[in-house]
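K.L.:
Please read through the structure below; I'll follow up with questions.
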Amino acid sequence: MTQSTHLILVRHGQSEGNVAAEAAQRDGLERIDVPARDPDVTLSETGREQASAVGRWLAALPGDQRPEVVWSSPYRRARETAEVALEVAGLDIDQRVDERLRDRDMGVTDKLTAAGIRAAYPEEAERRDWMGKFYYRPLGGESWADVALRVRAVLTDLAGTERHRRVLVSGHDVVLLLFCYVAEGLDEEQVLARARDNPLGNAAICRLRSNPDSATGWDVTDYNLDEHLSDDDVRVTEEPGADAEVEDDDA
């Protein structure tokens, strides 16, 4: 019998981009004052504390549940989260970077809040309103559906070509949300409702298990776990990314 693949999905800790996006939303600004290009944005001090809490959570797992390899987004905040967590956990395992795990590309709307998009690109805002959040693709960027295609390819490789069966995946909120979307066979309405009502927090954890009897080939066994943060007296944050559409209603 083929051994199941177990995935531990970890959203990166709070980043300097998250802090900038939250400030822009709070202050009603049109532009997000990000400190670097998106791939180079680092963790905030709170984000490093959150990554350390993930490491302590990993260290507390039974030996046969700890990850054997890491697959990470190439973006610095995701790689940094994995590196800090592994160091704290005392795990010396291979780390693999996969560009398919990168954050969603926002195209011409990068660094703009919803108000900024409406001011600079009113036709884009109108098109987004018409298409809806899941299928809207900003000029030069990606839709959620585009990201889901990347996720499906990664899941196929994790189940079929990765020789290790316990994998830590370090990535971004929309990307990891779409892992669960694919695994659970959700539709557009369901995944948008989850994003609105139960968004993935910084350093939150989801767990997936391959299952040949499942319609999708996967089961989601845990979603949006954050007790490892609160139990460690580490601040829980659910801040938008600097490359996300900052909306009052559904971001």
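K.L.:
Looking at this structure, is GLY160 modelled with pLDDT under 95 and open to solvent by 20 Å² or more (accessible area, probe 1.4 Å)?
P.N.:
Taking the combined requirement at face value, the residue satisfies it.
K.L.:
For segment 5-34, name all the residues that are more than 17 Å from the chain's Cα centre (by Cα) and either part of a loop (DSSP other than H, G, I, E, B) or within 21 Å of LEU178 (Cβ to Cβ) (or both).
P.N.:
Selection gives THR5, HIS6, GLY28, LEU29, GLU30, ILE32, ASP33, VAL34.
K.L.:
How many residues are in a loop (DSSP other than H, G, I, E, B) and closer than 20 Å to ALA203 by Cβ when one looks only at segment 37-47? Quick ask: steps written out before the conclusion?
P.N.:
Quick first cut of segment 37-47, residues in a loop (DSSP other than H, G, I, E, B) only: 37, 41-42, 44.
Keeping just the survivors that are closer than 20 Å to ALA203 by Cβ gives 41-42, 44.
The number of residues fulfilling the criteria is 3.
K.L.:
Just give me the residues in segment 108-130 being touching a residue at least 40 places away in the same chain (Cβ under 8 Å) and either open to solvent by less than 70 Å² (accessible area, probe 1.4 Å) or farther than 9 Å from ARG31 by Cα (or both), in sequence order. Working first, answer last.
P.N.:
In the first step, residues of segment 108-130 are kept if they are touching a residue at least 40 places away in the same chain (Cβ under 8 Å); the result is 109-117, 119-120, 128.
Correct list: THR109, ASP110, LEU112, THR113, ALA114, ALA115, GLY116, ILE117, ALA119, ALA120, ARG128.
Per-residue answers, yes or no, for (1) open to solvent by 20 Å² or more (accessible area, probe 1.4 Å); (2) more than 25 Å from VAL97 (Cα to Cα):
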| position | (1), (2) |
| --- | --- |
| LEU155 | no, no |
| HIS164 | yes, no |
| GLY171 | no, no |
| PHE179 | no, no |
| GLU188 | yes, yes |
| PRO199 | yes, no |
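K.L.:
Now a separate question. If I filter segment 225-250 down to residues being under 19 Å from ARG104 (Cα atoms) and in contact with an Asp or Glu (Cβ under 6 Å, 6 or more places away or on another chain), which single residue comes out as modelled with the lowest pLDDT?
P.N.:
ASP243
K.L.:
Quick check on segment 79-98: of everything there that is within 21 Å of VAL174 (Cα to Cα) and out of contact with any helix residue (DSSP H, G or I) (no Cβ under 9 Å at 6 or more places or on another chain), which residue is surrounded by the most Cβ atoms within 10 Å (Cβ to Cβ)?
P.N.:
Residue satisfying both the conditions and the ranking: ARG79.
K.L.:
Across segment 46-73, what is the number of residues that are open to solvent by 50 Å² or more (accessible area, probe 1.4 Å) and more than 22 Å from ARG209 (Cβ to Cβ)?
P.N.:
Final tally of qualifying residues: 3.
K.L.:
In segment 146-178, what residues are of a type in the set (Gly, Ala, Ser) and within 15 Å of the chain's Cα centre (by Cα)? Break it down stepwise before answering.
P.N.:
First, pick out the residues of segment 146-178 that are of a type in the set (Gly, Ala, Ser): 148, 153, 159-160, 170-171.
Within segment 146-178, ALA148, SER170, GLY171 qualify.
K.L.:
Exactly one of these conditions fails for TYR135: (1) without any contact (Cβ under 8 Å) to a residue 24 or more places away in the chain; (2) among the aromatic types (Phe, Trp, Tyr); (3) open to solvent by 20 Å² or more (accessible area, probe 1.4 Å). Give me its number.
P.N.:
With (1) without any contact (Cβ under 8 Å) to a residue 24 or more places away in the chain; (2) among the aromatic types (Phe, Trp, Tyr); (3) open to solvent by 20 Å² or more (accessible area, probe 1.4 Å) applied to TYR135, the lone miss is (1).
The values are calculated or read from the model by the stated rules, or taken from the named source; none is laboratory data. Everything quoted here is computed from the prediction, not taken from an experiment. For neighbour counting, all protein chains shown are included, and Cβ atoms are generated from backbone atoms with ideal geometry for every residue, glycine included. Calculation scope for accessible area: heavy atoms of the full protein, side chains included, ligands and nucleic acids excluded. Shrake-Rupley method; radii C 1.70, N 1.55, O 1.52, S 1.80 Å.
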